[in-house]
Each structure stands twice: as C-alpha cells, then as structure tokens.
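Undergrad: Shown below is the structure under consideration.
The values are calculated or read from the model by the stated rules, or taken from the named source; none is laboratory data. Quantities reported herein were computed from a predicted structural model and do not represent experimental measurements. Note: ideal-geometry Cβ built from the backbone for every residue, glycine included; neighbour counts use all protein chains shown.
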Amino acid sequence: MTGVQVEFPNLGIVIHNLKSGFYIFDFKIAFYGMIIATGMILGYFMAEFQAKRTGQKADLYMDLALIDIPISVICARIYYVVFAWNEYKDNPISVLYIRNGGLAIYGAVIGGVTTAIIFAKLRKVSIGLLLDTAVAGLITGQIIGRWGNFFNCEAFGGYAKNTLLAMKLPWDTAVAHMSANSANELSKYVVDDTILVHPTFLYESLWNIGVLIIILLYTKRKKFDGELLCIYMFGYGLGRMWIENLRTDQLLLWNTNIPVSMCVSGAMMLLAVGIYIYNMTKLKKTKA
C-alpha cells in the first residue's frame, strides 16, 4: 500500500509515508475504523469513570454502551448517506462500505442521545444524570475519532499559508476529499503539486479536549442534572460551527449551499440555552 507525504511545515513535522491502513492477506484493515473503535472503547471508560465519581453503578453504562454504540454507528452512517446521496445513488450497495469512511458525528449524537433517553426511561433512572455522565464518554470518543480523518487525509479546511498548524498535502490526495467548488477555489494555491490547508480534524480534536476538561472540572459543581449535557451541547456546537465554516467537504442541505452541520450546531446551542434557562428558573422557584 502506497502512502502519502504529509507535512506540518511551521512545526517542522514531516510524515513521509502516511498510510490509511494495512493488509492481512487481501483484507484491508483501515486505521480509520481502528481509531473509531478505540475512541468508543475509551469513551466508555470515561463514562465509567464519571459514574464512579458521582456515586452511580458503572455497570449501567456498560449496558448502555452495548446498545448505544452500534445504534450510534448506524445513525452516523444514515445521516451521512442522506446528505451525500449523490456519492451512493449509482452503487447503493456501497452504503454498507463503512470501512471506506463516511460517518457523520451529528448522526451519532442524535441517535446516541435518543437511545440514551429511551434507555433511561426503561431503566427508570434520571435522564439528566445519565446524559451528564454519558457526554463525557461521547466527547472523549470524538477527540480520538477525529484522528481517523488524519489517516484518511480528509476533513480539512481551506488555504492556510500563515497558520501555525497548517498542513501540507499532495494536491491529488487533497482534491479527492473536497467539493468541486472548494477544488476550484483552492487550485490557485497549489505549489509544486501540494496545497497548505487547515487541519480542521485537529482543530476539532483540540477544541473537544477543552470541552471535556470543562465537563470534568464542573461535574461536582453542577446545579442540576442535565447541566453537563448543556455544556457539551453549547461547547461542541460553538466549536463545530466555527470549524465547519472552514471545511472543504461540507454536507449541504438539499439543493442549497447551507452546511447541515452549521444548522445542527446552531439548533443544539439554542436547545442547550433553553434547557439551562428552564432548569435555572425552576431552581429559583424551588428556593423562593
């Protein structure tokens, strides 16, 4: 398997032969899938850690993970396919080729949170407390999972000449992972068959580390169950809205130039504010 040269010139980092996976006989093992799986496993351990910190039964989150993880993966794929149907309409069976990439985190979030709410109702536990615990695991998985995009040389942004974290990719590799409009725009910046781009996968991973730290530090200071969920929804939504604006491979609302993820991010932030105001108002009335 031939790799590509990836550089971070302003950091002095050069990776001469970055590969997307390896073969066992004729079967390709994609690093993308391995990293996503690692993120899920470590995300579970983070949720278990949070459960123990808050006096809950850790086994509850193992039961949740066994249901939630596969449903989240399916929903992540469905979300991506729905908004990128042109990639699959001529070969519908390729919808099943998840190892080739094509998972949208917002699909996983929507499917995962919905499943967690149903799970909490069936197990008769606090929905707010369960989601507060689970979101630490969710964002841990997102932090790690974004590195699958690195090995696939995807999920990057536009031209980034003077930024510290600028990433240099071969043009033929980069153009395979961007929209036609982005390719036309960036083609004028190609030098020696390479292009400098924003590593938005890295930006999102770093941003999510910040959100996770806030969640962990605030866990024992929260005022109501569901407040950590609000921090996640607002914090991740804010970062994703900024980062999505940079990306060259946006999923768009049908027949528009409106990025789906920016719409979902805005809606999630507004929902977080609404949940927070509702619960704080309720608390004030209780104390009055």
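Undergrad: In the range 187-232, what count of residues is obtained for those that are assigned to a helix (DSSP H, G or I), in contact with a Gly (Cβ under 7 Å, 6 or more places away or on another chain) and among the charged types (D, E, K, R)?
TA: Looking only at that region, the number is 1.
Undergrad: Tally time: how many residues in the range 156-196 are over 21 Å from W242 (Cα atoms) and of a type in the set (S, T, N, Q)?
TA: Within the range 156-196, residues that are over 21 Å from W242 (Cα atoms) and of a type in the set (S, T, N, Q) number 4.
Undergrad: Same structure, new question: Picking from I275, I243, which residue would you name as being in contact with a helix residue (DSSP H, G or I) (Cβ under 9 Å, 6 or more places away or on another chain), part of a helix (DSSP H, G or I) and in contact (Cβ under 8 Å) with a residue 60 or more places away in the chain?
TA: After applying the criteria, what remains is I243.
Undergrad: For the range 102-163, list the helices (runs of 4 or more DSSP H) that sit wholly inside it and hold at least 1 residues that are of a type in the set (D, E), out of contact with any Lys or Arg (no Cβ under 8 Å at 6 or more places or on another chain) and buried (at least 22 other Cβ atoms within 10 Å of the Cβ); which are they? Steps first, please.
TA: Values: elements: 105-123, 127-145, 147-151.
Per the criteria, no element qualifies.
Undergrad: Going by the conditions given, is K188 touching a residue at least 12 places away in the same chain (Cβ under 8 Å) and surrounded by fewer than 20 Cβ atoms within 10 Å (Cβ to Cβ)?
TA: Criteria not met by K188.
Undergrad: Follow-up. Please verify whether the range 35-48 includes one or more residues that are closer than 15 Å to V109 by Cβ, surrounded by fewer than 19 Cβ atoms within 10 Å (Cβ to Cβ), at pLDDT 90 or above and aliphatic (A, V, I, L, M).
TA: no
Undergrad: Shifting gears a bit: Of the residues that make up the range 176-186, is at least one part of a helix (DSSP H, G or I), touching a Lys or Arg at 6+ places or on another chain (Cβ under 6 Å) and either within 21 Å of S72 (Cβ to Cβ) or at pLDDT below 95 (or both)? Show your work before the answer.
TA: As a first pass, look at the range 176-186 and keep what is part of a helix (DSSP H, G or I): 180-186.
Right, trim to touching a Lys or Arg at 6+ places or on another chain (Cβ under 6 Å) and you get none.
No, the range 176-186 contains no residue that is part of a helix (DSSP H, G or I), touching a Lys or Arg at 6+ places or on another chain (Cβ under 6 Å) and either within 21 Å of S72 (Cβ to Cβ) or at pLDDT below 95 (or both).
Undergrad: Another question about this same structure. Considering only the range 53-76, how many residues are surrounded by 18 or more Cβ atoms within 10 Å (Cβ to Cβ) and assigned to a loop (DSSP other than H, G, I, E, B)?
TA: 1
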